[in-house]
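Here, each number is a calculation from the coordinates, and none is a lab measurement. What you see is a predicted model; the values in this text were computed from it and never measured. All Cβ positions, glycine included, derive from the backbone under ideal geometry; neighbour counts span all protein chains shown.
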Amino acid sequence: MKNYMIQVFEKLIQTTIICSFGICLLLFLKRYLFKNFSKKFNYYIWLIIVFRMLLFLFNYTISYEIKESESDILINNINQINISTNNNFILYLTYLWILVAVVITAYTFIKYKRFKNFVVDLSYDIENSDVNCIYKDLLKELNIKKNIHLRGSDELISPAGMGLFKSYIFLPDYPYSKDELHWVLRHELMHFKNKDILIKFIVMFVKLVHWFNPLVYVMSNRINLDCELCCDESVLDGCQLKEKKEYALVLIKSIKLSKNYQGGVLTTEFNKTNLEKRLNSIVKKKGRSGIFICILVSIISIISFVEVDAQIKVDKNSDEVTRKNTEVIKNNPNDQFQTFLYKDAPPEIRKIYEEKCKANGIVPKDFDSIEIPTKYYNKLKK
């Protein structure tokens, strides 16, 4: 069990290092190259890294054989049993990772559950027929089949969407006009249509698993911004400049009303997320879709799941190799080591080698060369 935990932790560290480079590269590309692409592309491209970090346990192994001469295999593929590896430090780090992850997870979801229950319990039905009519028309227009409850709330200062399974949209008691309500409700419904709350949960889980990596928090903040930019772009898709100006004014009004307001956990809100970038994005034309780039990056990500397992195979018959090694030891009693191939080694040697491999997360292979001190081997035979 301990060895398995260590292997999991090592895979986690390997994945988080690889993905840290990916985060830095993506931030660079988004600044200088991907700015010409659509907001939708810039948002969903993050999911490639997010899922790679989430699926850190999944790897595909490609095995192949390399033929080497007998002399090469004794030099290049030696595994000494008498080298003991102390994994206590890694094990303690694994325990620390698990402990902190469990504590943060419990705190996050208890906080979310309390916040959601608090807002839902104190919310109320909206009796205004105009608001309900606008809401129903938008559900039909956006072809949303999911049952999303529209509720009023005095506890929230900004319109917000919440709930992965049982979903809600909350409207604060503000004097919105019919046109303003149209844009506010369209924005919140678009979050549900784009599955943004599900993505927020997935990103949150990645943060809980990779809590020690500061770049994960940078990525999370950028994803939140790109989420709002993508939603704005989706809401205004096909709209004229006049409608874009109306939407921008509604956004500014909502921000003024929700000044200094800190939103809840795992919610989508019509608020001040980087207002300057959002306003600039609203008036700009939609960029290129970037489908080819997305496919290319996806392929590179899939390749990162692959591990190469090279098995070294000697050209000569393995029995002959073992026989010659034994003869060398007999003819040279002063030699310090005796060498066996794993597949032909005595049971006691194989057992010790297997334990060593297990402790280091290695799978024994038939043509592994095991080098053991002669004195130690003589003691095992007694």
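Brief remarks on what is shown
- Scoring 162-168, 136-142 by mean Cβ neighbours within 10 Å over their residues and listing the highest first yields 162-168, 136-142.
- Under-5 Å amide H pairs with Leu171, H placed in peptide plane, nonlocal only: Arg151, Gly152, Ser153
- Net length gained if the chain between Leu225 and Glu354 were fully extended (0.36 nm per residue, minus Cα distance): 41.4 nm
- In order along segment 147-152, the phi-based Karplus estimate (6.51 cos²θ - 1.76 cosθ + 1.60, θ = phi - 60°) of 3J(HN,Hα) comes to 7, 10, 7, 9, 10, x Hz; Gly and Pro are listed as x.
- The stretch between Cys24 and Leu279 holds 89.2 nm of extra length on full extension. This uses 0.36 nm per residue minus the Cα-Cα distance.
- Protection proxy ranking for 40-52, 209-221, using the average of other Cβ atoms within 10 Å per residue and placing the highest first: 40-52, 209-221.
- Mean separation of Cα contacts under 8 Å, 6 or more apart, over the residue count of segment 95-284: relative contact order %: 25
- Those residues of segment 88-130 whose amide nitrogen sits under 18 Å from the label point placed on His149, 7 Å along Cα→Cβ: 112-128
- Applied to segment 39-55, the Karplus parametrisation 6.51 cos²θ - 1.76 cosθ + 1.60 on θ = phi - 60° returns per-residue 3J(HN,Hα) values of 5, 5, 4, 5, 7, 6, 5, 5, 5, 5, 6, 4, 6, 5, 6, 6, 9 Hz, with x for Gly and Pro.
- Gln338 long-range amide H proximity, modeled H, under 5 Å: Ile372, Thr374
- The phi-based Karplus calculation (6.51 cos²θ - 1.76 cosθ + 1.60; θ = phi - 60°) puts the 3J(HN,Hα) values of segment 24-30 at 4, 5, 5, 4, 5, 5, 5 Hz, whole numbers, x for Gly and Pro.
- For the set Lys30/Lys284; Lys30/Lys146; Lys111/Lys146, the pairs lying more than 23 angstrom apart at their alpha carbons are Lys30/Lys146; Lys111/Lys146.
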